[in-house]
C-alpha cells in the first residue's frame, strides 16, 4: 500500500538560466511535471509514493525515471513509449519569479497513456490518489484518468485534484473550464491557485470560490495565494494561513510543493479528510506553505523541493 499515488504528466522543464556569450537565452534541463513534483515533496516528508505516467523512450524519459527513482518514488508504473517523445516545457522567468510557458507536446508521451496500461491494484490500495487536468486535455490519457478515478472511487480512496491550468495546452478557456468542472465530483480535496478560481468555480474571489467548492461536496478546498499564503475551507468554515518569508527565484513547483506538504501531514495525522477539523487543515497548510517557500528559492521543480529537516527548521 502506498500513501500517495499520482497520475499525470512527467516532463522536462527547460528553465531560462542566463544568456550565452552570443546573447542567446540559455536553458537548464529540470525534471518536472506537477504530479511528480508533488510526490517528491510528500516523499521528502516521509510518505511512500508511486507515479503513473508515460514518457518517451528517449534520453529525457530515462532521465526522468532515474530522478524519481533517486527520490524514492515507485516508478513501476512509468511506461516508455517508442512512438512519442517526452513532453518538454520551456519556461521563461520574469524578474519577480513568475513564469511563461511554451510546450512541445504534439503529442507528448504523457497524453498517450491508455486505460489498459493502468495498475488498478496500485490505485485501489493507496491512501490518496492525486491527479491534475493536463491528463484531461487529450485522448487516450483522458480515458485513462477517468478509469483511474473510478477505480479509486469504488475502493474508497481519498482523491485529490489540482487542476494546474496551463492555457497553451487547451483549445480555449471554456474547454478547460468544462473539463475541470466535469472532474470535480470525483474529488475529496481540491487545491487551486488564486489565478484558477474563475476557471474552476465561475467566480474570482477566493473566499467565494472555496465556498462553492465545499457546497458542491468537496471536503477540503485549498486556495494558494502566492505571497499571502493560502486559504483553507471545510464544512466548518474557512481561514487564511499566512506564508513564510522567502526570496523568490522561480515559482515553478510552488503549488505542487504546497500540496505535497499538505497531503503528507494529512497522511501522518492518521485521519480521513472527512474527519479533520479546520484547525487541522490550517496545520497541514502551514507545512505546505513552508515547503513552497523553500521551493521558490531555487530554480526548477523537483530539483528545488526541500528536505524534511529544512522544512522543520523553517516552521520552527
#### Entry: 222 nm mean residue ellipticity, helices alone, for the chain (DSSP H n ≥ 4; -39,500 (n - 2.57); rounded to 500)
-10500 deg cm²/dmol
### Query
What is the order of 276, 19, 311, 200, fewest Cβ neighbours within 10 Å to most?
19, 276, 311, 200
### Query
Rg(Cα) of region 17-168 divided by 2.2 N^0.38 Å?
1.10
### Task
May I ask you to sort 295, 112, 282, 160 by Cβ crowding, counting other Cβ atoms within 10 Å and putting the fewest first?
282, 112, 160, 295
## Note on the structure
The extension gain from residue 101 to residue 308, computed as 0.36 nm times the residue separation minus the Cα-Cα distance, is 71.6 nm
#### Entry: Estimated FRET transfer efficiency (residue 315, residue 248; beta-carbon r; R0 25 Å; 0.05)
0.85
### Message
To check you understand DSSP bridge types, tell me what percent of the beta bridges within the chain (both residues inside) are antiparallel, rounded to 5.
### Response
40
### Query
For the residue pair residue 150 and residue 125, what label-to-label distance in nm results when each label sits 7 Å from Cα along the Cα-to-beta-carbon direction?
2.3
### Message
Over region 129-205, what is the relative contact order in percent, taking alpha-carbon pairs closer than 8 angstrom and at least six residues apart?
### Response
32
## Note on the structure
Once both label points are put 7 Å beyond Cα along the C-beta direction, the residue 236-residue 117 separation in nm becomes 4.2
### Query
So what is the relative contact order for region 48-187, in percent, with contacts set as C-alpha pairs under 8 Å and at least six apart?
19
### Message
Among 128, 12, 249, which one shows the highest mean-square fluctuation when the chain is modelled as a Gaussian network with alpha-carbon springs under 10 Å?
### Response
249
### Query
What share of the DSSP beta bridges in region 1-139 is antiparallel, in percent to the nearest 5?
40
### Query
Cα gyration tensor of region 166-285, axes a ≥ b ≥ c as square roots of the eigenvalues: rounded (a/c below 1.5), prolate (a/b > b/c) or oblate?
oblate
### Message
Between region 62-83 and region 217-281, what is the separation of their alpha carbon centroids in Å?
### Response
28
### Task
List 234, 126 from most exposed to least, where exposure is judged by having the fewest other Cβ atoms within 10 Å.
234, 126
### Message
Connecting C-alpha atoms closer than 10 Å in a GNM of the chain, tell me which of 236, 138, 74 has the biggest fluctuation.
### Response
236
### Query
If contacts are Cα pairs under 8 angstrom and at least 6 residues apart, what is the relative contact order of the chain in percent?
18
### Query
With labels modelled as points extended 7 Å from the Cα through the Cβ direction, what inter-label distance (nm, one decimal) is found for residue 63 paired with residue 21?
2.3
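Read-outs: derived from the displayed coordinates by stated rules, not from any lab. It should be emphasised that the depicted structure is a prediction, and the values quoted were computed from it without experimental measurement. Cβ sites come from the backbone with ideal geometry, for glycine too, and all protein chains shown count toward neighbours.
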